[in-house]
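What follows is a short report on a single structure.
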Amino acid sequence: MTEPTQDRPLADFLARTQDVLSLAERRLIVGQALLMLEQNYVHLPLKAAMHGINPLQRLRVMLARMSTQAMVSERDFHAELLEIFHSLRDLHTNYLVPSPYGGLTAYLPFLIEECFQQEDVHYLVTALAKGYTPPEGFGPGVEVTHWNDIPIERAIRLNAAKYAGSNAAARYARGLETLTLRPLMRHLPPDEEVVTLRYHTRDGHTRTVSEVWRVSQNPPLPDPDILDEAALTLAYDLHGAVLGAVKADLFAGEDATGIEVIPEFRTFFRARSVTTAAGEFGHLRIWSFLTPNAPGFVDEFARLIRLLPQTGLIVDVRGNGGGSGPGAESLLQMLTPRRIEPEPIQFINTPLNKLICDRVRGLEPWRPSMRQALETGSTFSAAFPLTDPEMANDRGQIYHGPVVLITDARCYSATDIFAAGFQDHGIGPVLGTDDVTGAGGANVWTHQLLTSLMDPEPGEESPYRSLPGGAGMRVAIRRTLRVGPSSGTPVEDLGIHADERHLLTPRDVIGGNADLIERAGRILAGLEGRRLDLDSVAGGTATLTVAGLDRLDVYADGRPQASKDVADGQVTIQVPAAGTLLLEGYRKGELVAARRVDLTRATTG
């Protein structure tokens, strides 16, 4: 056993770490990994085809060797199992290293980010850990050129090759990020105890700095093993979630000025007005979708976008590793007049997945196709939405200005789903600081959740066994498919390609994303905004202000009420005394704006 740890040198922690897993426990872990990948893993055919791998055979060989060869060290055991899981290039499907590693992150007391001047790449220190006293001349803005005497870009690529990532952009982003932050639940401790950087100071001098790796306790995250409906719909990158929490704990965050966010969601949103050369716009940063309170999360999004400038909205999801799939998809309706079609998801057809569907409430839609698979030979089940279509459309459009979405290669899982829906429904352009998102297209379940779902009946035996020592596993259980023009295309490994690319500049990485916001502002200024505002309701007459519309259709409780030609300015329409009003605005025959009105609440006289 290892004593609890506060922040301290990695070498001190490792010196007190002992092997604790028996041979039987190791065999149990490998056997459960084989079960999950063979019977539950939805991307197995795709990964075998795209990456030329055979993880099932590697696990079988690993089991066989454990019966005939001397027991290797625990670190080597974890290393081999991690390598097999990393070969999948899937941030959803993981082996989680047990105690004493699992609850810790190894870190260096600074962050490094990539930026460009023209097309020349540079790597700058962008933040220092709280309480860290750097040597003179070392701090945000210095340019790192070498990592342990290896040119920094080469060091990043070597590091990236060790880690999962569904595409080249995602692997490179992880390679850069894990230079200084490594959650030990997903990665073994660094081999080196000390890292030496060579860097250029701001006044042009070349210097070196050496720092030891430290370890820090991970902040708590929402429990994904609680058996409820929300747990069945999670779609998130655990690595990204841990790093986000660790960064917030170790490093000072962005300036929090702007619109006040309610306390529950202050680590999820940042909302502010930004002034650019092209005008004033709203900027809404969404750090995470990983909340146990998806309805409250959606309510807060709706409140914030009402308070932001209505001239244009920048939705920034860079670095968002996902969370609640329904929570993410339910935001889209508020940015478009179109009905949202949630992304459908499907299981891979296996006997165990069929048994799970037969037993678990809420999986009824998938049952018929899985029962037919024995006759049809279909690889996958039929596809049905992860998000209830009514939930995805229960509010309708709230924001009528143009919208641009900013993404990067660290967007993953539910954020991939959000970005795909944004693009597939034509809400606005996608501006990427990388060419493509992280390409995580799945709903993820933990081994513990599967164990709970398959609690055996009397006289039965569950295929799932409790894992020893706090070990864990996660698996992509259902894959997501796109809708609209890309209908049927899997998100996994392909991701969402940006409509436009912005190379981050030094003013972005150490100057609050100044050039990125300017670029987004120019895009918004080139798009047409709409207005469909309800000014008042009195005496059976509603007064509206409209812009960018030439026709207005009115429905009361689902029944057609009126249709009239309109021009920019105020419009009056006759409305009933109560009920729900749906206003639909058109431009040259195309639906471009919509608003729902509860007449009981809206009546002012």
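The values are calculated or read from the model by the stated rules, or taken from the named source; none is laboratory data. Note that the coordinates shown come from a computational prediction; the quantities given were computed from them, not determined experimentally. Methodologically, a virtual Cβ is constructed for each residue, glycine included, from the backbone with ideal geometry; neighbour enumeration extends over all protein chains shown. The accessibility values were calculated without ligands, DNA or RNA, using every heavy atom of the protein model including side chains. Shrake-Rupley method; radii C 1.70, N 1.55, O 1.52, S 1.80 Å.
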inquiry  = Whether any residue in region 343-360 is within 15 Å of Asn443 (Cα to Cα) and either open to solvent by 50 Å² or more (accessible area, probe 1.4 Å) or among the polar types (S, T, N, Q) (or both) is what I want to check.
reply    = yes
query = Hey, any hits in region 94-107 for a residue that's in contact with a Ser or Thr (Cβ under 7 Å, 6 or more places away or on another chain) and within 16 Å of Glu25 (Cα to Cα)?
reply = yes
request  = Looking only at region 533-547, decide whether some residue is buried (at least 20 other Cβ atoms within 10 Å of the Cβ) and either outside any strand (DSSP E or B) or under 34 Å from the mean Cα position of the chain (by Cα) (or both).
outcome  = no
request  = Go through the residues of region 384-393 one by one and say whether even a single one is β-branched (Val, Ile, Thr) and touching a Leu at 6+ places or on another chain (Cβ under 9 Å).
outcome  = no
remark   = Only unsatisfied item for Phe116, checking (1) open to solvent by 20 Å² or more (accessible area, probe 1.4 Å); (2) part of a loop (DSSP other than H, G, I, E, B); (3) on the phi < 0 side of the Ramachandran plot, is (2)
request  = Identify the single condition in (1) within 30 Å of Val491 (Cα to Cα); (2) open to solvent by 10 Å² or more (accessible area, probe 1.4 Å); (3) not polar (S, T, N, Q) that Met36 does not satisfy, given that it satisfies every other one.
outcome  = (2)
request  = Search region 366-391 for residues being surrounded by 16 or more Cβ atoms within 10 Å (Cβ to Cβ) and of a type in the set (Gly, Ala, Ser), and hand back the single one that is farthest from Ala328 (Cα to Cα).
outcome  = Ala373
ask   = Any residue at all in region 496-507 that is assigned to a helix (DSSP H, G or I) and open to solvent by less than 50 Å² (accessible area, probe 1.4 Å)?
value = yes
query = Of everything in region 303-333 that's among the aliphatic types (A, V, I, L, M) and in contact with a helix residue (DSSP H, G or I) (Cβ under 6 Å, 6 or more places away or on another chain), which residue is farthest from Phe281 (Cα to Cα)?
reply = Ala328
ask   = If we keep just the residues of region 549-589 that are assigned to a loop (DSSP other than H, G, I, E, B) and modelled with pLDDT of 95 or more, which is least open to solvent (accessible area, probe 1.4 Å)?
value = Leu549
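Based on this model, can you work out whether Ser210 counts as touching an Asp or Glu at 6+ places or on another chain (Cβ under 8 Å) and surrounded by fewer than 21 Cβ atoms within 10 Å (Cβ to Cβ)?
In short, no.
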inquiry  = For region 269-298, give me each residue that is open to solvent by less than 80 Å² (accessible area, probe 1.4 Å) and among the charged types (D, E, K, R).
reply    = Arg270, Arg272, Arg285
message = I need the full set of residues from region 273-324 which are of a type in the set (Ser, Thr, Tyr), without any contact (Cβ under 8 Å) to a residue 60 or more places away in the chain and in a loop (DSSP other than H, G, I, E, B), in order please.
response = Ser288
inquiry  = If Met50 meets every condition in (1) open to solvent by 70 Å² or more (accessible area, probe 1.4 Å); (2) farther than 30 Å from Pro490 by Cα apart from one, which number is that one?
reply    = (2)
message = I'd like to know if region 57-72 contains one or more residues that are closer than 21 Å to Pro189 by Cα, open to solvent by 10 Å² or more (accessible area, probe 1.4 Å) and more than 27 Å from the chain's Cα centre (by Cα).
response = yes
query = Quick one: what pairs do we get from region 120-136, first residue free of Cβ contacts under 8 Å to residues at least 60 places away in the same chain, second assigned to a strand (DSSP E or B), C-beta under 6 Å, 6+ apart or different chains?
reply = Tyr123/Ile112; Tyr123/Glu114; Tyr123/Val144
ask   = Within the bounds of region 76-89, is there any residue that is over 22 Å from His447 (Cα atoms), open to solvent by 30 Å² or more (accessible area, probe 1.4 Å) and modelled with pLDDT of 90 or more?
value = yes
message = If Met473 satisfies all but one of (1) open to solvent by 30 Å² or more (accessible area, probe 1.4 Å); (2) under 30 Å from Phe380 (Cα atoms), what's the number of the condition it fails?
response = (1)
ask   = Which residues, taken from region 418-435, are of a type outside the set (Gly, Ala, Ser) and farther than 27 Å from Cys115 by Cα?
value = Asp424, His425, Ile427
ask   = Is one or more of the residues making up region 423-431 outside any loop (DSSP other than H, G, I, E, B), closer than 21 Å to Val42 by Cβ and in contact (Cβ under 8 Å) with a residue 60 or more places away in the chain?
value = yes
